[in-house]
Amino acid sequence: MIGIITQDQLKTSPTLREDGRAFDELRPLKIEAGILERADGSSYLEFGGNKILVAVYGPREAQIRKLQRPDRAVIRCRYNMAPFSVEERKRPGPDRRSVEISKITAEALRPALILERFPRSVIDVFIEVLEAEGGTRCAGITAASVALADAGIPMRDMVVACAAGKVNDQVVLDLSEEEDKAGQADVPVAILPRTREITLLQSDGNLSEDEFERALDLAVDGCLRIHEVQKEALRKRYGE
Ligand code: CDP
């Protein structure tokens with residue numbers, strides 16, 4: 001018998017996305033821990049077309065008095081996009097977007113770190129986006145967490161991030177740059193995988209309550225899968 005798909009079925013059945021992925025499929029992901037000699041901790045991540053390098057320094061004594069906290073370390077993050085990382089050359093240096101992403105990255109990572117161990121200290125996290133293709137804030141957090149673990153900084157848990165969103169009226173996982181630009185919504189999420197505590201939740205665009213719930217569930221599920229790759233990267237570096 002010949003199967004006929006009606007127009008109505010086409011509207012409701014989940015179709016493949018522009019790049020051939022299913023609605024709940026992540027882009028190919030690779031993470032490596034400990035690739036820089038001079039940093040205390042480092043990682044390199046490729047996620048779809050994203051290429052991101054993270055270096056961690058510290059904990060070390062905060063030189064600037066104003067920065068010091070008597071009872072704990074302070075975490076500082078700098079998210080930076082290389083001028084050659086995007087299609088249209090980016091002007092070097094910080095802009096509104098990178099200042100915002102640096103801030104939310106520090107906030108997403110902080111709950112995982114046992115900062116009380118290092119009073120008056122500072123931990124610096126440098127996230128260098130070498131090539132960007134959508135979802136860099138999440139990929140940066142995922143890679144930073146591996147670099148922090150590589151630096152031997154005591155942590156309650158890892159932090160892992162992933163976005164979900166809405167494209168062509170469909171709730172999908174891990175938007176590519178093209179999907180992000182053409183899409184209706186993007187919801188970046190970061191969690192501590194053990195407790196599933198959310199440390200970052202942003203939402204750009206319009207979603208119904210039901211769509212938002214589905215996007216959040218998809219993103220958390222994506223995070224848990226990405227977490228397996230984080231663990232594998234650390235196992236490779238340090239053995240079982
Ligand atoms: O990267 P993420 O999705 O977290 O942040 P965004 O602000 O939603 O940016 C989405 C994508 O737009 C980035 O990943 C880049 O691929 C691209 N972009 C760009 O082409 N030029 C910029 N100056 C900033 C972002």
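The angle separating the long axis of helix 96-109 from the principal Cα axis of greatest extent in the chain is about 80 degrees. Seen against the Cα atoms of the chain and their longest principal axis, helix 209-238 is set at about 50 degrees. For segment 120-236, the pair-distance distribution built from all alpha carbon pairs, in bins 5 Å wide starting at 0, is 2, 12, 22, 22, 18, 12, 7, 4, 1, 0 percent. Among Glu213, Glu179, the order of accessible area from largest down is Glu213, Glu179, computed with a 1.4 Å probe on protein heavy atoms. Taking Asp186, Asp95, Asp174 in turn, the Gaussian network model of the chain (Cα-Cα springs below 10 Å) assigns the largest fluctuation to Asp95. When both segment 124-198 and segment 209-240 are represented by their alpha-carbon centers, they are found 9 Å apart.
Average 1/r across all pairs of distinct alpha carbons in segment 97-146, invert it, and you get the Kirkwood radius: 12.0 Å. Over every Cα atom in the chain, the radius of gyration and the widest Cα-Cα span, Dmax, amount to 19.0, 78 Å. Dividing the helix sum by the residues of the chain, where each DSSP H run of 4 or more adds -39500 (n - 2.57), gives a mean residue ellipticity at 222 nm of -9500 deg cm²/dmol.
The residues of the chain have, on average, 55 Å² of accessible surface per residue, using a 1.4 Å probe with all protein chains present. A simple charge model with +1 on the Cβ of Lys and Arg, -1 on the Cβ of Asp and Glu and nothing else charged puts the dipole of segment 117-182 at about 580 debye relative to its Cα centre. The fraction of accessible area contributed by carbon and sulfur in the chain is 49 percent, rounded to a whole number (1.4 Å probe; ligands and nucleic acids excluded).
Here's the list of lysines a cross-link from Lys236 could span, going by alpha-carbon distance under 23 Å and ignoring same-chain residues fewer than 8 apart: Lys30, Lys51.
If the elastic network links every pair of Cα atoms under 10 Å, which of Thr142, Thr15, Thr195 fluctuates the most in the Gaussian network model of the chain? Of Thr142, Thr15, Thr195, the most mobile in the Gaussian network model is Thr195. Model label sites at Asp95 and Leu201, defined 7 Å from Cα along the beta-carbon direction, differ in position by 3.0 nm.
Against the chain, whose longest principal axis is taken from its Cα atoms, helix 136-150 shows a tilt of about 40°.
The values are calculated or read from the model by the stated rules, or taken from the named source; none is laboratory data. Computed from a predicted model, the values in this text were never measured in an experiment. Backbone-built Cβ (ideal geometry, glycine too); neighbour counts: all protein chains shown. The protein model used for the area step is the full one, side chains on, heavy atoms only, and it has no ligands, DNA or RNA in it. Shrake-Rupley method; radii C 1.70, N 1.55, O 1.52, S 1.80 Å.
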